[in-house]
Each structure stands twice: as structure tokens, then as C-alpha cells.
Amino acid sequence: MNGQPGANRLPAVLRLCHDLAHATTLAQMFTSVVDALVVGTGVRRASVLTFDDAGIMRFRAWQGLSEEYRRAVDGHSPWTIDSVNPEAILVDDVRTHQATSGLVDVFARERIGALAFLPLSGDGRLLGKFMLYHDEPADWREVDLDFARAAADVLAAFLLREHALEHLEHARRMESLGLLAGGIAHDFNNLLTSIIGNTSLVRLRVPAAEPPLRRQLDSIELAAERASDLCKQLLAY
């Protein structure tokens, strides 16, 4: 544990902001956050988790946690994705706290005696959580949790920015696809109009005494008109 709470806060925050600003992937962002948590709080082990598309909490980066442990607690969260203003949950002793009941054996195998759940929130919604771990039962009042909360705010801002950029890129792709589909539909509609017009001209030249050929022409014209209607609907959309 850090003997001087807050001593590493400012350098760690500055380093975190620098790393996040220069990260090119979310994986790099998450790794930077975990590194900052270890330096800024003085704990030996930490992790960051976020909700996946199915609303399940997943590990994104960690230090000092075994694969067996991560599999055992994968998806566990004291909050649901629709939780509003969740509060941090500080567990001084995993053997006696309600939030960790049912996982005591898992913590014992991983040599975790105390842990802290810190919500990662932004734009009025829960995005994920930070986890801090001690090997033995401990008093979380001796840990600089203000730094962890500041780091959570920084990461949440960057995550919201990434989400906004993803939505913007998706909108641009949809706009491009719409323009492409509109151009194709317009060209097809012109071709179908030509088919319908030429079919009508051919019918005028077919003797009434040849009903089989007229029926074939009617069938071609009907199919072309239906396809033309679909193209017009696509153009309107």
C-alpha cells in the first residue's frame, strides 16, 4: 500500500491523460488506465471492465489476476447496466461482505483479501467498473480512491468520445450506402422504364390472333412494373 496517499496522484493523472490522448485502440486505453491505477493508488493489482453489447461486464485489462480467476468471476457485477448513480462498494474483508458472498473460495484461491468496486459512469449511464485488490483484508480509507475516481472520469470521457466517433462513422457509412443504393435504383428504374415502353410497342405489332405471345408480353410488362415500383420505393427511402 502507498504510504503517502495522494503522493503519486498528479503525475499519474498527467501520464494517464497523455496515454489516452495518444492511444490508437481501446485495448491501449484500458491498459493505460490499469497501469495508472496501480501507480496512483498504490495497490498491487487492478482491473477495468466494461459492458459488452449483450450488457455483460467483461474484463478489458488487468494486472496480477490469473486466467482462472477471470473466468470464475467473468460477468459478475454488483450493478446492472441500467443502474443510476451507483455508489462505490468497498469490501475490507471478502469473507464477511454481502457483495462477495458466494465467491469466497474463488478469492481465497486468488489470495484476494479485500477489493473495491468503483463505477465507471458517463453521460448519465453506467459504462463499466474499476476493481482494486489487496492480498489481505485492509482498510480502503488508507488508499487514494480520489485518484481512482478521477481516472474513472477521464476514461469515461474518452469512452464516450470513442462511442460518439463510432456512431458518426456508422452514420457516414449509412449515408454513403444510401447514396449508392439511390444511384443504382435510379439506373435500374430507367432500364425498367425502357423495358416497359418497348414491351408496349411490341404488343402493338403482335396480331390479336396470337394470345400466347401477348400473354408472355403481359407477363414481362407486369414483372417490370413491379420491379419499377420497388425501385421507386427505394428511391423514396
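The values are calculated or read from the model by the stated rules, or taken from the named source; none is laboratory data. None of the values given here were measured: they were computed from a predicted structure. Every residue, glycine as well, gets a Cβ built from its backbone with ideal geometry; the counts of neighbours run over all protein chains shown. In case anyone asks, the SASA skips ligands and DNA or RNA and just uses the protein heavy atoms, side chains included. Shrake-Rupley method; radii C 1.70, N 1.55, O 1.52, S 1.80 Å.
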_Report D for the chain in µm² per second (integer): Stokes-Einstein, Kirkwood Rh on Cα pairs, 37 °C, 0.692 mPa s._
148
*Using the per-residue mean of other Cβ atoms lying within 10 Å as a proxy for protection, in what order, highest first, do the peptides 121-129, 213-221 fall?*
121-129, 213-221
*Using a 1.4 angstrom probe on the protein heavy atoms only, line up D93, D82 by accessible area, largest first.*
D82, D93
*If you take the charge dipole of the chain about its Cα centre, with +1 on Lys and Arg Cβ and -1 on Asp and Glu Cβ, which of T100, N85, G113 is farthest toward its positive end?*
N85
*Ranked from the most accessible area to the least, with a 1.4 Å probe and all protein chains present, what is the order of V34, V84, V13, V39?*
V84, V39, V13, V34
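Less than 14 Å Cβ to Cβ from R95, Lys/Arg counted +1 and Asp/Glu -1: what total charge do the surrounding residues give?
Spelling it out: positives minus negatives among the neighbours equals -4.
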*Picking from M29, L65, A46, whose Cα lies most toward the positive end of the charge dipole for the chain (charges on Cβ: Lys, Arg +1; Asp, Glu -1)?*
M29
*Taking amide hydrogens as modeled 1.01 Å from N in the peptide plane, which residues meet the under 5 Å criterion relative to R60, leaving out close sequence neighbours?*
V48, L49, T50
*asked:* Please report the carbon-and-sulfur percent of the accessible area for the chain; probe 1.4 Å, protein heavy atoms only, DNA, RNA and ligands left out.
replied: 55
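Compute the Rg/Rh shape ratio of the range 1-134: radius of gyration over Kirkwood radius, all on alpha-carbon atoms.
Over the Cα atoms of the range 1-134, Rg/Rh equals 0.95.
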*For the range 89-106, in order, what is each residue's ³J(HN,Hα) by Karplus, 6.51 cos²θ - 1.76 cosθ + 1.60 with θ = phi - 60°, in whole Hz (x at glycine and Pro)?*
10, 10, 10, 6, 9, 5, 7, 10, 8, 4, 5, 10, 5, x, 10, 4, 5, 5
*With an 8 Å cut-off on Cα pairs and a minimum separation of 6 or more residues, tell me the relative contact order of the chain in percent.*
17
*Please tell me the relative contact order of the range 69-159 in percent, rounded to the nearest whole number, where contacts are Cα pairs under 8 Å and at least six residues apart.*
28
*Give, rounded to the nearest 20 debye, the magnitude of the charge dipole that the chain has about its Cα centre when Lys and Arg contribute +1 at Cβ and Asp and Glu contribute -1 at Cβ.*
700
*In nm, to one decimal, how far is the E68 label point from the R173 one, both placed 7 Å along Cα→Cβ?*
4.1
*What list of ³J(HN,Hα) couplings, whole Hz, do you get for the range 32-39 from phi and the Karplus terms 6.51, -1.76, 1.60, once you set θ to phi - 60° and write x for glycine and proline?*
4, 5, 4, 4, 5, 4, 5, 6
*Subtract the Cα-Cα distance of R141 and L217 from 0.36 nm times their separation in residues, and report this length gain in nm to one decimal.*
18.7 nm
*At 1.4 Å probe size, with no ligands or nucleic acids counted, give the accessible surface of R161 in Å², nearest ten.*
100
